[in-house]
Amino acid sequence: MGLKIIVLAKQVPDTRNVGKDAMKADGTVNRAALEAIFNPEDMNALEQALRLKEKYKGSKVTLLTMGPGRAADIIREGLFRGADDGVLLTDRAFAGSDTLATSYAISCAINKIKEVDIIVAGRQAIDGDTAQVGPQVADKMNLPQVTYAEEIYSAEKGKIVVKRRLDRGVEKVEAPLPCVVTVNGSAPACRPRAAKLLMKYKHAKTISERQNESEDYLNLVNDRPYLNINEWTVNDVETDDNMLGLSGSPTKVKKIENVVFQAKETKVLSDNEGDIDELIKELIDNHTLG
Amino acid sequence: MNSVFVICEIDEGKIADVSLELLTKGRTLSNTLGCKLEAVVLGHKLNGVEEELFPYGADVVHIGDDKRLDPYTTLPHTSVITGLFENEKPQIGLLGATPLGRDLGPRVSSALKSGLTADCTALEIGDHEDKKEKKSYKNLLYQIRPAFGGNIVATIINPDCRPQMATVREGVMKKEIYSPTHKGEVKTIDVNKFIKPEDTVVKVIERHMEKGRVNIKNSSVIVSGGYGMGSKENFEALYELADVLGAEVGASRAAVDAGFAPHDRQVGQTGVTVRPKLYIACGISGQIQHTAGMEESAMVIAINNDSAAPINKVADYVITGDVMDIIPKMIKSYKKNSK
């Protein structure tokens, strides 16, 4: 029997490639200069889900993301790689959420999807690096969790077997389904887009994105319902409003400071043997080396 | 006054360094607040473990000793910590930002609906004025952490929910004996009160841990490589240089992401914070994420083919050129001059 798998993914600014133009003259981050990407470890999670789908016939992979309208981009990225459908959870009511409020909103959306066997997510997102949303979704749904996963060996007979990558070793664990698995960056990279799927889904859109489309396009979606990316607002999921957004977030940001470096007095050396020899001698003489 | 709690972790049969670092920080915080510092240790066969903790200033050590708590699995630990925190009502709860702490912390904070700030680089006590709600708060925990790839530093507070929870990476705080003769009280946790039968559904089938892991944190010289090294093969040159100098090899996040080096060698905000006597940065551009983890090095040499690389700003010496050409010259020079 097939598995019902949800992949949690986040669209993030590409903080790994903060170039010289990423900081404004006043020292603040120029967010516009950072590309919005599919969070890298969520890609590793998607790959694990797609492998399970191949292994267990009849499985279905649904990508779930919470974010602004443009986050539909990463659902399309998922569809191009083999996900079956996607849900964009988007509403101003979710704005200002810390990890706890985010996890709560996501768990409410998963409850709406129902009868899920496995929820996979990246271990953490590169914009916050907190690694909290996976475990907190598990807690909100009262499910077991397996974090730091590197490979899902099997998911059958109500059990999942997973290899975990820890700081200095590996662990093989068995957990009952349903459960939440968060995947490490050391797991296999995600497959590239498939040309066929790219053709099939390139016009997939959310209802908001369809607003200004021609009648021809709307007819096309009627014929091909898979071109619809589900867009859910707070009204589409059952929630306790007090647990959403700012009011559902116990942590508050008191202050944000930009990091400014104090330049040191720097000696510039050439790469010729003489210069390097001088430096090494100096380091040995002042007992930095040896 | 409610206490400061530190959840301690066992590593190779001893209390992990990160836990002792947190106790040292926790002692300072509890002195500022005028409250007790309490440690929690969960595991199996923990006889005498409190003796490791008292010198670091613990006033109370809570011990939960049960075979269901070793090896670590999420649910039994969550149930015990959540239950203990509900009874003891700590104002602050600290954990290491280790795989264990980052698995357990979010789960406990979700169960208690308290906040959790991950990977803090500083913890301070301070007040807060909420102008909108016209409320003022005394003695909150300022949880200071980098965000956005290290380009900003945020101060996070948790005004209304308790405990105020935070995780801190190994090596970020200093470990210091408070008093070798300091003694406290041992309290045994009745774990049967907290662990539910359904908590033991996750089983560890196999476990392979390497002994004496790479510990670049304690090395006085670090040779570190970045994405600019180009390949895993080129990283071999760094191991060679490190071997000659008696150093350890570190790596930037980009190099680790590219598979040039294993994660346990990663220096920076999402890796280890290091303060060696000498840090040699090879092919590292110097994103804040990286420099934040090494800028306290006593001396920095940056080797890079980009004379405008940001790493040069934190370097004492800059050598502009091809790393693969410069490293052999350094090896040769050191061998010649060290005799």
From A:Ile119, A:Ile126, residue being assigned to a strand (DSSP E or B) and either surrounded by fewer than 21 Cβ atoms within 10 Å (Cβ to Cβ) or in contact (Cβ under 8 Å) with a residue 40 or more places away in the chain (or both): A:Ile119
query: Among the residues of the stretch A:251-268, how many are facing chain B (nearest Cβ under 7 Å) and either among the acidic types (Asp, Glu) or touching a Leu at 6+ places or on another chain (Cβ under 6 Å) (or both)?
result: 1
message: Based on this model, can you work out whether B:Asp316 counts as out of contact with any Phe, Trp or Tyr (no Cβ under 7 Å at 6 or more places or on another chain) and within 15 Å of A:Glu265 (Cβ to Cβ)?
response: yes
message: So if I check each of B:Ile205, B:Ile189, which one is under 30 Å from B:Ser79 (Cβ atoms) and either of a type in the set (Phe, Trp, Tyr) or more than 11 Å from chain A (Cβ to nearest Cβ) (or both)?
response: B:Ile189
- request: Could you identify the single residue in A:Val180, A:Val170 that is buried (at least 21 other Cβ atoms within 10 Å of the Cβ) and under 28 Å from B:Gly271 (Cα atoms)?
  value: A:Val180
- prompt: With B:Leu112, B:Leu116, B:Leu69 as the choices, which residue is touching a Pro at 6+ places or on another chain (Cβ under 8 Å), closer than 16 Å to A:Gln136 by Cβ, in the same structural domain as B:Leu37 (by TED's automatic domain parsing) and surrounded by fewer than 24 Cβ atoms within 10 Å (Cβ to Cβ)?
  reply: B:Leu112
query: So which residues in the stretch A:90-100 are part of a helix (DSSP H, G or I) and surrounded by fewer than 22 Cβ atoms within 10 Å (Cβ to Cβ), if there are any at all?
result: A:Arg92, A:Ala93
statement: The helices (runs of 4 or more DSSP H) lying entirely within the stretch A:159-236 that contain at least 2 residues which are touching a residue at least 24 places away in the same chain (Cβ under 8 Å) are A:195-201, A:207-210
- request: Would you check which residues across the stretch A:275-289 are within 7 Å of another protein chain (Cβ to nearest Cβ) and assigned to a loop (DSSP other than H, G, I, E, B) and list them?
  value: A:Thr288, A:Leu289
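Which of the strands (runs of 3 or more DSSP E) contained wholly in the stretch B:109-227 include at least 1 residues that are of a type in the set (Gly, Ala, Ser) and out of contact with any helix residue (DSSP H, G or I) (no Cβ under 8 Å at 6 or more places or on another chain)? So that I can check it myself, show each step before the final result.
Numbers: elements: B:116-120, B:122-130, B:135-147, B:152-157, B:164-168, B:185-188, B:203-209, B:221-225.
Fully inside the stretch B:109-227 and qualifying: B:122-130, B:135-147, B:152-157, B:164-168.
Could you list all residues from the stretch B:297-339 that are among the acidic types (Asp, Glu) and touching a strand residue (DSSP E or B) at 6+ places or on another chain (Cβ under 7 Å)?
B:Asp316
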- line: Taking the stretch B:129-151 and keeping only residues that are surrounded by fewer than 18 Cβ atoms within 10 Å (Cβ to Cβ) and in contact with a strand residue (DSSP E or B) (Cβ under 6 Å, 6 or more places away or on another chain), one is left with B:Glu129, B:Ser136, B:Tyr137, B:Lys138, B:Asn139
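Any residue at all in the stretch B:161-172 that's more than 25 Å from the chain's Cα centre (by Cα), surrounded by fewer than 19 Cβ atoms within 10 Å (Cβ to Cβ) and at pLDDT below 95?
There is no residue in the stretch B:161-172 that is more than 25 Å from the chain's Cα centre (by Cα), surrounded by fewer than 19 Cβ atoms within 10 Å (Cβ to Cβ) and at pLDDT below 95.
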query: If you check A:Asn212, A:Asn272, which single one turns out to be at the interface with chain B (Cβ under 9 Å from one of its Cβ atoms) and open to solvent by 50 Å² or more (accessible area, probe 1.4 Å)?
result: A:Asn272
- line: Exactly one of B:Val267, B:Val314 is closer than 19 Å to B:Pro146 by Cα, outside the structural domain of B:Gly150 (by TED's automatic domain parsing) and within 22 Å of the chain's Cα centre (by Cα), and that residue is B:Val267
message: I'd like to check something: does the stretch B:313-335 contain any residue that is in contact (Cβ under 8 Å) with a residue 24 or more places away in the chain and part of a strand (DSSP E or B)?
response: no
- prompt: Of B:Leu140, B:Leu37, B:Leu69, which residue is at pLDDT 95 or above and under 27 Å from A:Thr147 (Cβ atoms)?
  reply: B:Leu69
- prompt: more than 30 Å from the chain's Cα centre (by Cα) and surrounded by fewer than 18 Cβ atoms within 10 Å (Cβ to Cβ): does that describe A:Lys267?
  reply: yes
message: Give me the residue from the stretch A:72-89 that is among the small types (Gly, Ala, Ser) and assigned to a helix (DSSP H, G or I) and, out of that set, farthest from A:Asp240 (Cα to Cα).
response: A:Gly78
- line: Among B:Ala255, B:Ala281, B:Ala242, B:Ala261, the single one that is touching a Lys or Arg at 6+ places or on another chain (Cβ under 8 Å), farther than 24 Å from B:Glu21 by Cα, away from chain A (no Cβ under 11 Å) and not hydroxyl-bearing (Ser, Thr, Tyr) is B:Ala261
- prompt: Condition test on B:Lys183, is it out of contact with any Pro (no Cβ under 7 Å at 6 or more places or on another chain), of a type outside the set (Gly, Ala, Ser), loosely packed, with under 14 Cβ neighbours inside 10 Å and outside the structural domain of B:Asp11 (by TED's automatic domain parsing)?
  reply: no
- request: Would you mind telling me which numbered condition in (1) at positive phi; (2) part of a helix (DSSP H, G or I) B:Pro55 fails?
  value: (1)
query: Is it the case that A:Lys200 is over 30 Å from B:Pro76 (Cβ atoms), modelled with pLDDT of 95 or more and not aliphatic (A, V, I, L, M)?
result: yes
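The values are calculated or read from the model by the stated rules, or taken from the named source; none is laboratory data. As the structure is a prediction and not an experimental result, all values here were calculated from the model. A quick note on method: Cβ atoms are made from the backbone with ideal geometry, for glycine too, and the neighbour counts reach across all protein chains shown. Heads up: the accessible areas ignore ligands, DNA and RNA and are worked out on the full protein's heavy atoms, side chains in. Shrake-Rupley method; radii C 1.70, N 1.55, O 1.52, S 1.80 Å.
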